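The values are calculated or read from the model by the stated rules, or taken from the named source; none is laboratory data. Not measured: the values here are computed from a predicted model. Note: ideal-geometry Cβ built from the backbone for every residue, glycine included; neighbour counts use all protein chains shown. The accessibility values were calculated without ligands, DNA or RNA, using every heavy atom of the protein model including side chains. Shrake-Rupley method; radii C 1.70, N 1.55, O 1.52, S 1.80 Å.
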Amino acid sequence: MPAALTDAVVDTIYIGGGTPSLLDPGHLRRIVDAVRTNFACELTEVTLEADPETVTEEKAAAWVVAGMNRVSFGVQSFCDEELKAAGRMHRRADIYRAASILRGAGIANISLDLIAGLPKQTRATWRESLDSLVELAPEHVSVYLLEVDEGSRLGAELLRGGNRYSAGDVPGDDEMAEFYDAACSVLGAAGYEHYEISNWGRAGFASRHNLKYWRREAYLGFGAGAHSFSGTERWANAHDAADYVNAITAGRLPVEQVEKLTAESALEEELFLGLRQLGGIDVARIEREYGVSLESRFARLRSAGLIEREGSLVRLAPGRVSVSNEVFVELMK
């Protein structure tokens, strides 16, 4: 354990990656109990990622007993045709059924995510997904743009310019940007606070765990491929599950990558991660802590109408969130 974390108090747990809701609830309970046993804990938010088709009344009841009080669903879409094209196992009816089960079990914090840019997605079906989500009234919402992953069949086909795996039915960049803007409008009208580029929450329901990443707070990751951050170093566990297990069995740390952050890379993270938050960044604090002046970096962005400044606070300008990547690239020059 890095010295900076030996006295840390654990207040959030996030069990995610893959589909942990497939695990036997007893395994999940032992994971949470192991954290409680080995760390000082004042748990306020314990999240489990789940696919809708894996939720049962028995599992939901066991999750609550294990201490989980938040469930994050990889919904992606409420349109069955889009879900089929994306290779998802669940359907629209499964989402409604799973949400009802969780509410009945006493889960009062549900997060749903949608993906803009799925194959066969249109303006009409995107609006249908947004309206359906609002109807279910989750406490938290995430909206992501489709990412082209060359390791996936769809991603590889898109990069080749082919049409297999419904690659020819993927909306263009302009349409995806339009879908994102529609989400901002619909979710805002429904009372959700847009607090991070991809995330919305009702009052008091921003993801406490994920905010740690964007605020550069320390966190520990356990399991194959998990990442950790001490404040000055980042490290990653072995990605291969067998290598991870073998290291643990042999009494070795399963870490395969360690990066000690330089002042320059830490500053870039402050700017990039900070501006992802709609509340913005405290420039005075950053300049003081890093001994730099940022005025020249922000001046050209402000003159272009991409950011706005209020005192020492700098944030993305209203209506410019959809071009945030361009802002980040310009800011790092």
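Points worth noting:
- Positions within the stretch 64-80 being surrounded by 20 or more Cβ atoms within 10 Å (Cβ to Cβ) and at positive phi, in sequence order: Q76
- M89 modelled with pLDDT of 95 or more, closer than 22 Å to L133 by Cβ and assigned to a loop (DSSP other than H, G, I, E, B): no
- E233 vs. criteria surrounded by fewer than 17 Cβ atoms within 10 Å (Cβ to Cβ), touching a residue at least 60 places away in the same chain (Cβ under 8 Å) and touching a strand residue (DSSP E or B) at 6+ places or on another chain (Cβ under 8 Å): yes
- Beta carbons closer than 6 Å, at least 6 apart along the sequence or on distinct chains, pair a first residue in the stretch 282-294 that is within 12 Å of A263 (Cβ to Cβ) with a second that is open to solvent by less than 50 Å² (accessible area, probe 1.4 Å) and modelled with pLDDT under 95 for I286/E270; Y290/L267.
- Meets criteria (free of Cβ contacts under 8 Å to residues at least 24 places away in the same chain and closer than 30 Å to D181 by Cβ) for A241: no
- In the stretch 200-224, the residues that are of a type in the set (A, V, I, L, M) form Cβ pairs under 7 Å with partners that are open to solvent by less than 30 Å² (accessible area, probe 1.4 Å), at six or more places apart or across chains, as follows: A206/Y195; A218/L5; A218/F229; A218/S230; L220/L5; L220/S228; A224/N237; A224/A238.
- Taken together, Y180, Y195, Y144, Y165 contain a single residue that is at pLDDT below 95 and open to solvent by less than 40 Å² (accessible area, probe 1.4 Å), which is Y180.
- Within the stretch 260-275, the set of residues being open to solvent by 50 Å² or more (accessible area, probe 1.4 Å) and touching a residue at least 24 places away in the same chain (Cβ under 8 Å) comprises K260, A263, E268, F272.
- Test: residue in the stretch 289-311 that is at pLDDT 90 or above, of a type in the set (A, V, I, L, M, F, W, C) and not in a loop (DSSP other than H, G, I, E, B): no
- From the options G251, G231, residue that is on the phi > 0 side of the Ramachandran plot, more than 24 Å from the chain's Cα centre (by Cα) and not in a strand (DSSP E or B): G251
- Checked against (1) touching a Leu at 6+ places or on another chain (Cβ under 6 Å); (2) open to solvent by less than 30 Å² (accessible area, probe 1.4 Å); (3) aliphatic (A, V, I, L, M), L83 passes all but a single condition, namely (1).
- Take the conditions (1) polar (S, T, N, Q); (2) surrounded by fewer than 11 Cβ atoms within 10 Å (Cβ to Cβ); (3) under 26 Å from L220 (Cβ atoms); N246 misses just one of them, which is (2).
- Pair list, Cβ < 6 Å and 6+ apart or interchain, from the stretch 66-87 residues that are without any contact (Cβ under 8 Å) to a residue 60 or more places away in the chain to residues that are open to solvent by 20 Å² or more (accessible area, probe 1.4 Å) and aliphatic (A, V, I, L, M): Q76/I115
- Just so you know, in the stretch 312-333 the residues that are closer than 21 Å to W200 by Cα and assigned to a loop (DSSP other than H, G, I, E, B) include one that is least open to solvent (accessible area, probe 1.4 Å), and it is A317.
- From the list R88, R36, R30, R97, the lone residue that is under 21 Å from S207 (Cα atoms), out of contact with any helix residue (DSSP H, G or I) (no Cβ under 6 Å at 6 or more places or on another chain), open to solvent by 20 Å² or more (accessible area, probe 1.4 Å) and of a type in the set (D, E, K, R) is R36.
- Taken as a whole, the structure places F222 among residues that are of a type in the set (F, W, Y) and surrounded by fewer than 16 Cβ atoms within 10 Å (Cβ to Cβ).
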